[in-house]
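Asks: Submitted below is the structure of interest, expressed as structure tokens.
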Amino acid sequence: MFRLSLSLACAAVLFAGCGTPTHPCGTFTFSGTPVGNGGENISDSFSFGPSQCSTTCNCQTICFIQIVRIRDTDTGEYLAPSSQQFDRIVTGQASPALNGWAIDRIDNRVWGYYARYNDGTFASYLTPGSSTSPAILTDGPGGWPDSSWFDAVDVPVCIDSKSQCVDELLGYYYWLYTVGAGGATETPFSEIGVDWNEQAVDLCIAKWNSTAPGVGKNLFPTFTKMQ
Amino acid sequence: MNRKVLLTFLLAAGAGMMAPGALSQSASPGDSGQMAAKLEETRALDDKRAAYEKRLAAMDIAELAKEMESDSSKGREPFNSAAYRQAVSRGEGVAADLKGQLVRPDRGTLIGLMALRKISPKEYQSLDPAFRLRVLVEALKNSKFFNTWGIPGLSWEDAANAIIAEGEAARPLLLPLLRDTRPAPVFGSEGATINREYHYRVCDYALALLDSIRQEKIELPTDPAERDRLIEREVNISQRRFKRSVALKQPAFWQTEAISKAVIGNGPAANRPDAILS
């Protein structure tokens, strides 16, 4: 019954014109398992398929940019896990849907790419992909307070400097869960990202680049979107 | 309830992108009514936030201090406290008044203390060091989530830096925490993922803070058992310092007047620094 309601709600949202789905240059495979305590175990896999975008590019290193938005529904305030992440939350946009987002990175990491160490390698919770193997992001968001919601957009990106599609964003994937009483969580909602997710990502990248120099982080390059 | 919230947000998240005109143009009458209701809910949440921040802006410093105390008591982090941001935005001019509000030597004072440290290092330094330490360490010890402090070996937040800035004076209060093996989780996304891998405990925070006080940056092992060996090393360092002070017939390093005030009554006798060091 809930899934039916959710589908109807999604259909209503899409029908109402709240967002046009983006066209990923590959295939996303998403799973999310509620673990309680305000948390989920997330796996988001992306198999690069340039032919889906009528291109033939080869890329040897694909990783992810992840943006997140967390909101306390009791006060309406945005939340962040650290002061640096709070400082890069996007605010002041006319559309409420574009506010509250930030690049999701722990402090003391210079790269904006999810799970990337300062030496350029990746933590175990991110498996870099290529033209022949999927990029896999795993995440374990948790501990968020009761009555909060957490949504995220995952964006696979080619960072292979020898590739003709280096610095191209390859798709958008949106997921969302809420935290109920006692930290209860359920299977997250997820779907191919829509156009406003794309805008939110652009704003987060710009915000990262404006705050990065002050905290010793690397700037993102200028990205283009593979479509 | 949770499902209802999810549905609400799903609708609201997208609805926020629409101009009200677009809603009536493209949705069916039934959908339009539902969507309009959800749009109202999202706007209501934005309005709630704006109203709260407006209310904070109208508060005098005493009221703001109470609001920060309420946030502190709930375990909210300074950076997630709108009251903290409001206090900091008022600048040094309110520092003396804010300092006058900071009287309780417990965790409820943490956010106010951090705000004072931010807007006026001079007024902050003029507080009794024992009071500062008591507030900081009580807050650390009683944290449910540890985002206020940062992640050991990775990055410290302002509150942890405040403990580190107290130097060796913080050692006697941190020593008992070296025996505190309660989990020390952080909420978040990537940070929470790392924390689950390391299974940080309160004692790991104490260890990393003491290392930082000695200006020694050590790599914390993933395995808690390996970190336990580092904790024993830290206890040994304290024991050596204690014995040296006894041999030289000097007061033990925590026995300055200010610090002894902070140590007295700090937990069960078995956890007092002298018990740990003997």
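Asks: What is the residue count in segment A:16-31 for residues that are more than 12 Å from chain B (Cβ to nearest Cβ) and surrounded by 18 or more Cβ atoms within 10 Å (Cβ to Cβ)? Walk me through it before giving the result.
Replies: Keep residues of segment A:16-31 that are more than 12 Å from chain B (Cβ to nearest Cβ), which gives A:22-31.
Applying the additional criterion that residues be surrounded by 18 or more Cβ atoms within 10 Å (Cβ to Cβ) yields A:22, A:24-26, A:28, A:30.
Residues flagged as more than 12 Å from chain B (Cβ to nearest Cβ) and surrounded by 18 or more Cβ atoms within 10 Å (Cβ to Cβ) within segment A:16-31 amount to 6.
Asks: Could you list all residues from segment A:59-71 that are surrounded by fewer than 20 Cβ atoms within 10 Å (Cβ to Cβ) and touching a Cys at 6+ places or on another chain (Cβ under 8 Å)?
Replies: Scanning segment A:59-71 gives a single hit, A:T61.
Asks: Do we have any residue at all in segment B:146-169 that's outside any helix (DSSP H, G or I) and closer than 16 Å to B:T109 by Cα?
Replies: yes
Asks: When only residues in segment A:171-198 that are at the interface with chain B (Cβ under 10 Å from one of its Cβ atoms) and under 14 Å from A:H23 (Cα atoms) count, which is surrounded by the most Cβ atoms within 10 Å (Cβ to Cβ)?
Replies: Checked segment A:171-198; the qualifying residue surrounded by the most Cβ atoms within 10 Å (Cβ to Cβ) is A:N197.
Asks: Another question, if that's okay. Between residues in segment A:206-219 that are closer than 21 Å to A:G120 by Cβ and in contact (Cβ under 8 Å) with a residue 60 or more places away in the chain and residues that are small (G, A, S) and not in a helix (DSSP H, G or I), which pairs lie under 9 Å by C-beta distance while being six or more apart or on different chains?
Replies: What qualifies is A:W208/A:A102; A:W208/A:G112; A:A212/A:G112; A:K217/A:G112; A:N218/A:G112; A:N218/A:A212.
Asks: Any residue at all in segment A:105-114 that is at pLDDT below 95, of a type in the set (S, T, Y) and surrounded by 17 or more Cβ atoms within 10 Å (Cβ to Cβ)?
Replies: No.
Asks: Mind telling me which of the residues B:A262, B:A275, B:A270 ends up being assigned to a helix (DSSP H, G or I) and either modelled with pLDDT of 90 or more or buried (at least 23 other Cβ atoms within 10 Å of the Cβ) (or both)?
Replies: Criteria check complete, one pass: B:A262.
Asks: Could you please let me know if A:I192 is under 26 Å from A:T56 (Cα atoms) and modelled with pLDDT of 95 or more?
Replies: Against the criterion (under 26 Å from A:T56 (Cα atoms) and modelled with pLDDT of 95 or more), A:I192 qualifies.
Asks: Provide a single number: the residues in segment A:54-93 that are of a type in the set (A, V, I, L, M, F, W, C), under 16 Å from A:K207 (Cβ atoms) and not in a strand (DSSP E or B).
Replies: Total meeting the criteria: 4.
To keep it simple, each residue is scored yes or no on (1) buried (at least 20 other Cβ atoms within 10 Å of the Cβ); (2) modelled with pLDDT of 95 or more; (3) more than 14 Å from the chain's Cα centre (by Cα).
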residue: B:M68; (1), (2), (3): yes, yes, no
residue: B:S72; (1), (2), (3): yes, yes, no
residue: B:N80; (1), (2), (3): yes, yes, no
residue: B:S89; (1), (2), (3): no, yes, yes
residue: B:V94; (1), (2), (3): yes, yes, yes
residue: B:D97; (1), (2), (3): no, yes, yes
residue: B:P105; (1), (2), (3): no, no, yes
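Conditions tested, residue by residue: (1) crowded, with 19+ Cβ neighbours inside 10 Å; (2) modelled with pLDDT of 95 or more; (3) at the interface with chain B (Cβ under 7 Å from one of its Cβ atoms).
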residue	(1), (2), (3)
A:T73	yes, no, yes
A:P81	yes, yes, yes
A:I89	yes, yes, no
A:A102	yes, yes, no
A:S131	yes, yes, no
A:D146	no, no, no
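Asks: Moving to a separate point now. Mind checking which residues of segment A:153-168 are under 19 Å from A:W101 (Cβ atoms) and either more than 14 Å from chain B (Cβ to nearest Cβ) or touching a Pro at 6+ places or on another chain (Cβ under 8 Å) (or both)?
Replies: A:V155, A:P156, A:V157
Asks: If you don't mind, another one. Criterion first (assigned to a helix (DSSP H, G or I), farther than 29 Å from B:K99 by Cβ and among the basic types (K, R)) does B:R196 satisfy it?
Replies: Yes.
Asks: Which of the helices (runs of 4 or more DSSP H) contained wholly in segment B:40-117 include at least 3 residues that are more than 14 Å from chain A (Cβ to nearest Cβ)?
Replies: The qualifying helices (runs of 4 or more DSSP H) are B:61-73, B:95-101.
Asks: Could you list, in sequence order, the residues of segment A:104-129 that are at the interface with another protein chain (Cβ under 10 Å from one of its Cβ atoms) and assigned to a loop (DSSP other than H, G, I, E, B)? Talk me through it step by step, then tell me what you get.
Replies: From segment A:104-129, those at the interface with another protein chain (Cβ under 10 Å from one of its Cβ atoms) are A:104-109, A:114-115, A:123-126; that's our starting set.
Listed by number, the residues that qualify are A:D104, A:R105, A:I106, A:D107, A:N108, A:R109, A:Y114, A:A115, A:A123, A:S124, A:Y125.
The values are calculated or read from the model by the stated rules, or taken from the named source; none is laboratory data. Only a predicted model underlies this, so the values are computations on that prediction, with no experimental measurement involved. A quick note on method: Cβ atoms are made from the backbone with ideal geometry, for glycine too, and the neighbour counts reach across all protein chains shown.
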